[in-house]
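Presented below is the structure to which this report refers.
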Amino acid sequence: MKLCTIGLGYIGLPTSLMFAKHGVDVVGVDIHPEIISNLNSGRLHIEEPGLDEVLEEVITSNKFRAALSPEHADVFIIAVPTPNKKDMHQSCDLTHVMDATSNILPFIKKGNVIIIESTIAPRSMDDHIRPMIERTGLTIGKDIFLVHCPERVLPGRILEELVHNNRIVGGITETCSYKGSLVYKTFVQGEIIQTDAKTAEMSKLMENTFRDVNIALANELTKVCFELDINVLDVISMANKHPRVNIHQPGPGVGGHCLAVDPYFVVAKSPEYAKIIKLARDTNVSMPYYIVNCVRMMLEGIRKPKVAVFGLAYKGNVDDIRESPAIDVVNILMGMENMDVALHDPHVQSGKMPVVSVEDAVNDADLILVLTDHDEFKRMDYDKLSNLMSNKLILDTRNCIDATKTEIPVANLGNIYQYKTMSMKKARNKAII
């Protein structure tokens, strides 16, 4: 089998390398010449544990190479971005998917399997992609086998989850589903679930929407508890001891290319009924502003304070800043007068954001603001860093710092309400419990 992947980002590249690792001849296509050159030289452009070793292995075995243009193949996988449109409902922008599909049409032939892995709005396969392919004169389900198989992996664990997670294979016809499942049986050890395309589309969106709504509940509860002087982290911990309750953890918002994007696809398709989904999105989008208000409260009375921001990625131990709420927080802070902001993230390259060393970030800082739960931040010696600070305060929005291991007052989304009544002078000299 020869496979051609269109899109070599956080999903397309690991998927391509996993097929190549299991004996498939793979050509990966991307529009960026620098990415192609780097990959063919064994250099990655994304951070993912174990991916560099797999890339070296499949290049050495001549099972993978990168190219700027598609080629004839037995299987085509499209894994390109699907951002939100700038319309009222932030609907799904299929431009990249449609362009990628159009680009492979000159190379398809009878018997090919075409798989869309990009996350797409409900009925995109039936209403947009299927008609484009059928205009070639090939019959789907007989000549060409068209499938939607949404990715379901977690950054930081992609290689493991590609193999062990269950996969949904949604075909335009039953035969399409069957042919698609044979492709993934190359390496997938999880259950391969065959269904129709529109059910697969909605299932993927609901996976992410469920988490977004649950996080929104936690974030809304955070605001309620702040108003009522209650520690929300204690509330969640105790409520979750119920065998049928699992409230997620609150934070500065929701990021990544899935949770912060996909729910809008459902809202756009059915705005009259998707009201809870929309409210959840609004709640999570509001959290960066809530965090900034907490920062302002903690720094009240300090003239031209400096904030050392720890973490720009949307989740711990990755370099992905797509839709990261940390970026929203930073932009709001940087837009404020008389506020100095320094950025530190050990995983994010300086080309993406103006990051500095941890020492430069905390030098003369009045507050360390933790926005990402990188392991580096959990292990850091904050007492040592505090010697460089003007005022010794930490706001940990991810609840990842062990406050018992530092003498610096550590505020989090549970105890932040205590700063409403405690003067800043007293707060700087007394640990917040």
Could you count how many residues in the range 367-411 are open to solvent by less than 10 Å² (accessible area, probe 1.4 Å) and in contact (Cβ under 8 Å) with a residue 60 or more places away in the chain?
-> 12
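Residue-by-condition table, conditions (1) closer than 25 Å to G180 by Cα; (2) touching a strand residue (DSSP E or B) at 6+ places or on another chain (Cβ under 9 Å):
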| residue | (1), (2) |
| --- | --- |
| Y10 | yes, no |
| V24 | yes, yes |
| V29 | yes, yes |
| S41 | no, no |
| N62 | yes, yes |
| K85 | no, yes |
| T95 | yes, no |
Select from the range 231-272 the residues that are in contact (Cβ under 8 Å) with a residue 12 or more places away in the chain and open to solvent by 70 Å² or more (accessible area, probe 1.4 Å) and list them in ascending order.
-> D234, N246, Q249, K269
For residues that are out of contact with any Lys or Arg (no Cβ under 6 Å at 6 or more places or on another chain), of a type in the set (S, T, N, Q) and open to solvent by 10 Å² or more (accessible area, probe 1.4 Å), tally how many sit in the range 321-340.
-> 1
Tell me, which helices (runs of 4 or more DSSP H) wholly within the range 124-206 include 2 or more residues that are open to solvent by 20 Å² or more (accessible area, probe 1.4 Å) and over 17 Å from G111 (Cβ atoms)?
-> 130-134, 158-164
What about F210, is it of a type in the set (F, W, Y) and open to solvent by 60 Å² or more (accessible area, probe 1.4 Å)?
-> yes
Some residue of the range 47-67 being at pLDDT below 95, touching an Asp or Glu at 6+ places or on another chain (Cβ under 8 Å) and crowded, with 18+ Cβ neighbours inside 10 Å = yes
Can you find a residue in the range 301-320 that is open to solvent by less than 30 Å² (accessible area, probe 1.4 Å), in contact (Cβ under 8 Å) with a residue 12 or more places away in the chain, of a type in the set (S, T, Y) and closer than 28 Å to V224 by Cβ?
-> no
Within the range 341-366, of all residues that are within 24 Å of the chain's Cα centre (by Cα) and charged (D, E, K, R), the one least open to solvent (accessible area, probe 1.4 Å) is D345
Selection over the range 14-45 where residues are under 15 Å from V153 (Cα atoms) and of a type in the set (A, V, I, L, M, F, W, C) yields a count of 2
Flag for T101 being within 21 Å of K198 (Cβ to Cβ) and buried (at least 20 other Cβ atoms within 10 Å of the Cβ) | yes
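The values are calculated or read from the model by the stated rules, or taken from the named source; none is laboratory data. From a predicted model like this one, the values you see are computed outputs, not experimental measurements. Don't worry about glycine lacking a Cβ; one is built from the backbone with ideal geometry, like all the others, and counts go over all protein chains shown. Surface areas here come from the heavy atoms of the whole protein model, side chains and all, with no ligands, DNA or RNA. Shrake-Rupley method; radii C 1.70, N 1.55, O 1.52, S 1.80 Å.
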